[in-house]
Every structure is written in C-alpha cells, then in structure tokens.
Amino acid sequence: MLTFKNINIISVILLTGLLVSELYLNIPLLAYIILGLFWLVMTTIGSFNILWNYHLKAFNSNSDLKEKYVAITFDDGPNSNLTPQILQLLKTYDAKATFFCIGKQIEQFPGMVKTIVKDGHTIGNHTYSHSPQFDFYKKQDIVKEIEKTNELVKSIIGKKMKLFRPPYGVTNPSIAKAIKITKHHVIGWNIRSLDTVIKKDYKILNRITKKVSPGAVILLHDSQEITVKVLEQLLLFLKENGYQSITIDNLFNIEAYA
Ligand SMILES: [Zn+2]
C-alpha cells in the first residue's frame, strides 16, 4: 500500500542501494535527484488526497455496503442563513446528514448545533479555527484545536464528538500523531463536489450524480449559497434512484460520540 511509512522505507532502501553502488560505480547526481523527487511527489499527492490513506486511515466510503445508502456531509458551518435552509430540505426529503462544524462558527451559532442534533443528524469536529496554516501546526496545537471544539459541542449537547474531518482533507505526520492522542475517527469522502469552486449548480450536481454508488460519502459545504440549490436536486436524484442518505456513523457503523 502507498503509505507515508512504505514510501519512506522504499526511499531509504533505494538510497542505501545508490550509496553502496558508489563503491563500484560512478552514480550520477541525477539518480539522487530523481529519488528525492519521487519521495516529494508521492508525499505531496498523498498529503492532499485523503483517499490514499497516506498518513492515516480515513473512512472515505463503505464499499462493503450493498444497499443503496450514501452519506451526505457538510463542512465549514454552522451558518446562520444556509444551515437552516439545508435542514429544511433534509427534513422534506427525510434524509440524514453529517455536519463537520468549525469551533468559531459554533461559538456564534450554538443553537444551530442543538437543532442539527435534534433533527437526527450527526455533528463532527472540523477544528476550531479552520486556519489556512493548519497543516503547518505542531501536534500539540492540532490537539488543542480539536479538543477546544469538542469541549464547545459538549457544553451544548452534553456529548463529545468522535468524528473528525481535517480541513481541505489534507493530512500530514503531525495530524496523524494528534489523532492518535485524541482518538477520533478521521472521515474523508469519495465524492468531492467542488461546491466552493464551481459556479454552475448543474455542473456540481453532475460531478456528484455520476459517481453515486452504495456506501459513497459526498462532500458539500453549508457555507455556500449554491449548495442549497445543488442539495435540492441531489435529494431528488437520490430519491428517484432509490438511494437514502444516512449519517456517517450509520454508514460505517461507528460511534459518533463518546
Ligand atoms: Zn473545511
């Protein structure tokens, strides 16, 4: 498997091979540069692609599932305007979802967290600040971000979240070490809607619907106006095709709270 550990082992073996060969042959500098580039390219792709499970094991989809269940997930909320619209749509279509909330947003709209849980959806941890520099944080700072958000939600619903989604789906050795301490389940996705990037709702919808299959995890954002439009069409598509959206904990049969 292409994991950070395996790529490091392969790179060290190749490097040792090159160094030993130096005793008998004249190894060109280019060979070392290619080896360095190999490590860098693999690690960059692995860090940016949560599906690779490069630094840690994430729940990205449940391919064992034969029934037509999927999990719709929303990141970056709660949002005072958009989250209620999304909750209303989910209610209309009798669908359940998982909301990966940012601590700072929870502080502003604690009532929304209560409503999400009351409606039968699941809340997950998406860091406190969602800082663009999060991936450069040290292990202790990552633990603090996760625990601060856990405490916030505990003060509202009385339970500690066990699900965590890293910002942008980026992982690295520090995040992997932090998760070993906080013991969260890391949740990824296998359908990225790109609803924060694409400007046309039909294009976003098309990206999702062509990939929908049993056990899929769909990434959306309740911080985007366009997502409300996409969601209504998506829920209609799922209904017409016999699919049901359930929470992440139900999709993978894991604990959402401690
Ligand atoms: Zn996010």
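The values are calculated or read from the model by the stated rules, or taken from the named source; none is laboratory data. From a predicted model like this one, the values you see are computed outputs, not experimental measurements. Cβ atoms come from the backbone with ideal geometry, glycine included; neighbour counts cover every protein chain shown. The protein model used for the area step is the full one, side chains on, heavy atoms only, and it has no ligands, DNA or RNA in it. Shrake-Rupley method; radii C 1.70, N 1.55, O 1.52, S 1.80 Å.
All Cα-Cα separations within segment 58-252 were binned at 10 Å from zero, giving a P(r) of 9, 39, 37, 14, 1, each value a whole percent of the pairs.
Shown here for segment 1-74: chymotrypsin sites (Phe, Trp or Tyr not before Pro) in loop regions (DSSP other than H, G, I, E, B) with at most 12 other Cβ atoms within 10 Å, namely 24.
Between 47, 32, 74, the Cα set farthest toward the positive side of the dipole of the chain (charges on each charged residue's Cβ, about the Cα centre) is that of 74. How much of the DSSP bridge set in the chain is antiparallel, in percent, rounded to the nearest 5? Looking only at bridges with both residues in the chain, the antiparallel portion is about 5 percent.
Treating segment 4-48 as a set of equal point scatterers at the Cα positions, no solvent, please give the Debye-formula log₁₀ I(q)/I(0) at q = 0.24, 0.29, 0.31 Å⁻¹. Summing over Cα pairs of segment 4-48 leads to -0.82, -1.03, -1.10. Loop only by DSSP, 13 or fewer other Cβ within 10 Å of the Cβ. Give me the trypsin sites (Lys or Arg not before Pro) in segment 85-187 that pass, ordered by residue number. Sparse-neighbourhood loop trypsin sites (Lys or Arg not before Pro): 138, 183.
Computed over protein heavy atoms with a 1.4 Å probe, the accessible surface of segment 74-231 works out to 43 Å² per residue. Projecting the Cα atoms of 253, 224, 93 onto the dipole axis of the chain, where Lys and Arg carry +1 and Asp and Glu carry -1 at the beta carbon, places 253 farthest toward the positive end. Relative to the dominant Cα principal axis of the chain, helix 82-92 is inclined by about 70°.
Toward the positive end of the charge dipole of segment 108-258, with +1 on the Cβ of Lys and Arg and -1 on the Cβ of Asp and Glu, the farthest Cα among 109, 127, 171 is that of 171.
Using a cut-off of 19 Å between Cα atoms, the listed pairs 114/144; 104/229; 91/162; 144/177; 139/180; 57/162 include 114/144; 104/229; 91/162 as exceeding that distance. Projected label points at residue 69 and residue 41, each 7 Å from Cα along the beta carbon direction, are separated by 4.0 nanometres. Annotation for segment 1-87: trypsin sites (Lys or Arg not before Pro) lying in DSSP loop with at most 15 further Cβ atoms inside 10 Å of their Cβ are 57, 66, 68. Excluding the site residues themselves, the longest part of the chain lacking any GluC sites (Glu not before Pro) in a DSSP loop with at most 11 other Cβ atoms within 10 Å is 68-254. Of the accessible area of segment 4-48, computed with a 1.4 Å probe over protein heavy atoms only, carbon and sulfur atoms account for 82 percent. Subtracting the Cα-Cα distance of residue 144 and residue 57 from 0.36 nm times their residue separation leaves 29.2 nm of extension gain. Pick from 12, 20, 170 the residue whose mean-square fluctuation is largest in a GNM of the chain, springs joining Cα atoms under 10 Å. Among 12, 20, 170, the largest mean-square fluctuation in the Gaussian network model of the chain belongs to 20.
Charging the Cβ of each Asp and Glu at -1 and of each Lys and Arg at +1, and nothing else, the dipole of the chain about its Cα centre rounds to 240 debye.
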